[in-house]
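Here is the structure we will look at.
The values are calculated or read from the model by the stated rules, or taken from the named source; none is laboratory data. If you're wondering where the values come from, they're calculated on a predicted model, not measured in any experiment. Neighbour counts are summed over all protein chains in view; Cβ atoms, including those assigned to glycine, are modelled from backbone coordinates with ideal geometry. Quick note on the areas: whole protein, heavy atoms, side chains included, nothing else; ligands and nucleic acids left out. Shrake-Rupley method; radii C 1.70, N 1.55, O 1.52, S 1.80 Å.
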Amino acid sequence: MKKKVYLLAILLLPCMAFAQSQNAPKPFNKGNFKIDVSYSQLMQKHLLDNYPDFRVGVGYGLTDWCVAGVFGSFGIHDYGLKTPGETMVGDSIIYNEQNAFDGTVTECYYRYGLTLELHPVAIWAPSFHWIDLYCRGELGMRTVTEHYQPAYHGMFAEPFRNNFLCSGSVGIAINPSRHFGVFYELAIDNLNKELDLYTNETRIKPVHRFGINVRLDGPKKWQKQ
């Protein structure tokens with residue numbers, strides 16, 4: 001009789017463990033995909049203009065406090081350009097200090113790469129998801145294409161160039177549900193710089209980023225358990 005009881009208990013233990021795991025609350029980040037869409041305004045004082053930047057990121061929770069993913073962003077703006085250049089006069093080339101090109105340049109910025117997010121709140125309070133503080137690091141590239149109107153092929157024309165991009169940010173997210181949240185980030189990178197026309201020095205400029213995030217899954221009782 002005792003052997004039958006022991007055998008029944010051994011058979012029931014895996015079933016009980018499986019049922020307990022099914023009833024256990026799902027993690028907020030681990031094993032879940034999330035998508036964030038954001039908008040920021042990148043300002044370039046030396047161009048006397050600024051331009052919007054639209055960003056989309058996709059992340060996957062390796063753990064509840066570590067999310068890895070990819071990102072891509074797009075920005076565009078127009079500005080007028082007047083530069084000195086060379087002018088052909090007859091058989092002679094005359095260097096023209098005046099407005100050899102007077103037109104509009106459209107710059108398109110593409111940023112893309114890898115991201116890694118750290119969520120310390122998930123370590124300190126793993127069952128609390130209403131407010132999420134996090135930091136993010138990014139490595140990637142920035143591709144810039146320039147379109148001149150009218151067409152211009154002088155020494156200032158750079159129709160295509162690539163730059164290495166590294167950036168870091170800190171952010172805060174407010175999650176009214178397990179599937180939806182809004183966030184704000186303060187970010188800096190090695191390419192968004194401001195030129196001081198008086199000292200001819202450059203300095204890194206911060207970026208203010210606002211957006212929404214969407215999670216495909218998560219705990220049903222997401223506030224506090």
task: Scan the stretch 182-199 and give yes if some residue there is surrounded by 13 or more Cβ atoms within 10 Å (Cβ to Cβ), over 15 Å from the mean Cα position of the chain (by Cα) and under 20 Å from Val37 (Cα atoms), otherwise no.
output: no
- prompt: open to solvent by 30 Å² or more (accessible area, probe 1.4 Å), within 25 Å of His208 (Cα to Cα) and either within 23 Å of the chain's Cα centre (by Cα) or of a type in the set (Ser, Thr, Tyr) (or both): does that describe Leu165?
  reply: no
- request: From Ala125, Ala157, Ala151, grab the single residue that is open to solvent by 20 Å² or more (accessible area, probe 1.4 Å), more than 21 Å from the chain's Cα centre (by Cα) and at pLDDT 85 or above.
  value: Ala125
Hey, Tyr109 at pLDDT 70 or above, open to solvent by 60 Å² or more (accessible area, probe 1.4 Å) and on the phi < 0 side of the Ramachandran plot or not: no
- prompt: What are the residues in the stretch 128-140 that are assigned to a strand (DSSP E or B) and open to solvent by less than 70 Å² (accessible area, probe 1.4 Å), if any?
  reply: Ile131, Asp132, Tyr134, Cys135, Arg136, Gly137, Glu138, Gly140
- prompt: With respect to Tyr51, is the statement that it is modelled with pLDDT of 65 or more, surrounded by 15 or more Cβ atoms within 10 Å (Cβ to Cβ) and aromatic (Phe, Trp, Tyr) true?
  reply: yes
- line: Ile172 vs (1) farther than 24 Å from Pro52 by Cα; (2) of a type outside the set (Phe, Trp, Tyr); (3) touching a Leu at 6+ places or on another chain (Cβ under 9 Å): all pass except (1)
